[in-house]
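The values are calculated or read from the model by the stated rules, or taken from the named source; none is laboratory data. Just so you know, these numbers come straight off a predicted model, no measurement behind them. Here the Cβ positions follow ideal geometry from the backbone for every residue, glycine too, while neighbour counts run over all protein chains shown.
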Amino acid sequence: MAEGKLPLSRADYEAARARIGEVIRCTPCDHSASLSEGAGVPVWLKLEHHQHTGAFKLRGAANAVAQLTDAAGVTTASTGNHGRALAYAAKRMGLRAVICMSRLVLENKLAAIRALGAEARVIGASQDEAHEEATRLVEQEGLAMVPPFDDLRVIAGQGTLGLEMIEDVPEVDTVLIPLSGGGLLAGVAGAMKALRPSLRVIGISMERGAAMAASLEAGRPVPVEELPTLADSLGGGVGLYNRYTLAMVRELVDDVVLLSEAEIAEGIRHCYWQERQIVEGAAAVGVAAILAGKVGLRGPTCVLLSGGNIDMRLHARIIAGDNPDLMQEA
Ligand SMILES: *Cc1c(COP(=O)(O)O)cnc(C)c1O
């Protein structure tokens, strides 16, 4: 990607929206009384954890699958939510799906993928090793690769969420977006800034294994050790051969915030007790960053709740006040 030039335009995001309209659900943006009061500015929550399959990733996967012409099926490497989304999109199109994932995947996510009729292949100790297996399936079995984030079809699909947010809250000043591989932030910020260039975009990751933050700092993709975290959907690297998201995130993000495990747990608790929303750790980081005082808010703010696929036993412990040390339990 050339310096300073974004590869997707407003028209690309609009085209994606038209393509996936039948498959996805337009999710609501709800005003949060408790966060608005605490922050002193109006705060809205984009309830994308109510998306089909429990996360926004269906948008990108559906936009990619809708553009395939003669593939024998689809494959990907995924920590869970993308795999589940691709399985759902493939099933709707009558395509075979083989989802490759590392051993760090949580049991509930694995079961959800299998329940959608996809083949789940658990292989390797990291996302990168799972990715090698998916690449082999492309070369040897003619499947089409639908990557979890570093793909323009996927990024454009995630961006449709930004179009919805800006239509619901046209006066938005700041948007808080969970950040891992960066497909979500690149698409949402790209679509929203195309309509509102003054928008401020904050990306949020966990301290434990924030690959995009490290890569932005280094100016190139940096491998990080994958560690157990409450924000498991934010785990994994940005890909050593990253083509789009690193450059797009660098162009579009105004600030990156990192959170401790205790802060993420507090975000999950707030979403449950105050907002009555069940969200996974990765989706709670925006709320958590506000509660931790790590983002200064200066105007109307949208917080993206990106997914709800959390193990309910873990969720029950967290809302009861526990701060599980996944590091020790692993
Ligand atoms: C994948 C995912 C993210 C991060 O998206 P990227 O495109 O990898 O940055 C955030 N939240 C949830 C729930 C996810 O599944």
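Annotations
- A residue that is within 18 Å of Thr174 (Cβ to Cβ), assigned to a loop (DSSP other than H, G, I, E, B) and within 12 Å of the ligand (Cβ to nearest atom) occurs somewhere in segment 302-310.
- Residue within segment 23-35 that is touching a residue at least 60 places away in the same chain (Cβ under 8 Å), within 24 Å of Ile310 (Cβ to Cβ) and within 16 Å of the ligand (Cβ to nearest atom) present: yes
Residue-wise test of (1) more than 22 Å from Ile268 (Cβ to Cβ); (2) surrounded by fewer than 22 Cβ atoms within 10 Å (Cβ to Cβ).
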site	(1), (2)
Val23	yes, yes
Asp30	no, yes
Pro42	yes, yes
Lys46	no, no
Gln51	no, no
Gly60	yes, no
Gln67	yes, yes
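- Residue check, Pro147 within 16 Å of the ligand (Cβ to nearest atom) and assigned to a loop (DSSP other than H, G, I, E, B): yes
- Ala282 among the aliphatic types (A, V, I, L, M), assigned to a helix (DSSP H, G or I), surrounded by fewer than 24 Cβ atoms within 10 Å (Cβ to Cβ) and at pLDDT 95 or above: no
- First in segment 270-283 and in contact (Cβ under 8 Å) with a residue 60 or more places away in the chain and among the charged types (D, E, K, R), second anywhere and away from the ligand (no atom under 13 Å from the Cβ) and in a loop (DSSP other than H, G, I, E, B), Cβ under 8 Å, 6 or more apart: Glu275/Ser32
- Taken together, the residues in segment 182-220 that are polar (S, T, N, Q) and touching a residue at least 40 places away in the same chain (Cβ under 8 Å) amount to 1.
- Among the residues listed as Glu164, Glu217, the single one being assigned to a helix (DSSP H, G or I), charged (D, E, K, R) and under 18 Å from the mean Cα position of the chain (by Cα): Glu164
- Residue among Ala130, Ala90 that alone is buried (at least 24 other Cβ atoms within 10 Å of the Cβ), more than 16 Å from the ligand (Cβ to nearest atom) and not in a loop (DSSP other than H, G, I, E, B): Ala90
- For the residues Glu48, Glu37, the requirement of being at pLDDT 95 or above, in contact with a helix residue (DSSP H, G or I) (Cβ under 8 Å, 6 or more places away or on another chain) and of a type in the set (Asp, Glu) singles out Glu48.
- Test: residue in segment 238-255 that is in contact with a Ser or Thr (Cβ under 9 Å, 6 or more places away or on another chain), within 14 Å of the ligand (Cβ to nearest atom) and at pLDDT below 95: yes
- Qualifying positions in segment 70-87 - crowded, with 21+ Cβ neighbours inside 10 Å and either within 16 Å of the ligand (Cβ to nearest atom) or outside any strand (DSSP E or B) (or both): Thr76, Ala77, Ser78, Thr79, Gly80, Asn81, His82, Gly83, Arg84, Ala85, Leu86, Ala87
- In segment 167-181, residue nearest to the ligand (Cβ to nearest atom) [restricted to those that are touching a residue at least 40 places away in the same chain (Cβ under 8 Å) and either in a helix (DSSP H, G or I) or charged (D, E, K, R) (or both)]: Asp168
- All of Ala316, Ala320, Ala292 fail the test of being surrounded by fewer than 24 Cβ atoms within 10 Å (Cβ to Cβ), under 21 Å from Ser180 (Cβ atoms), more than 14 Å from the ligand (Cβ to nearest atom) and over 20 Å from the mean Cα position of the chain (by Cα), apart from Ala292.
- Subset of segment 143-160 that is out of contact with any strand residue (DSSP E or B) (no Cβ under 7 Å at 6 or more places or on another chain) and crowded, with 24+ Cβ neighbours inside 10 Å - its residue that is nearest to Met212 (Cα to Cα): Phe149
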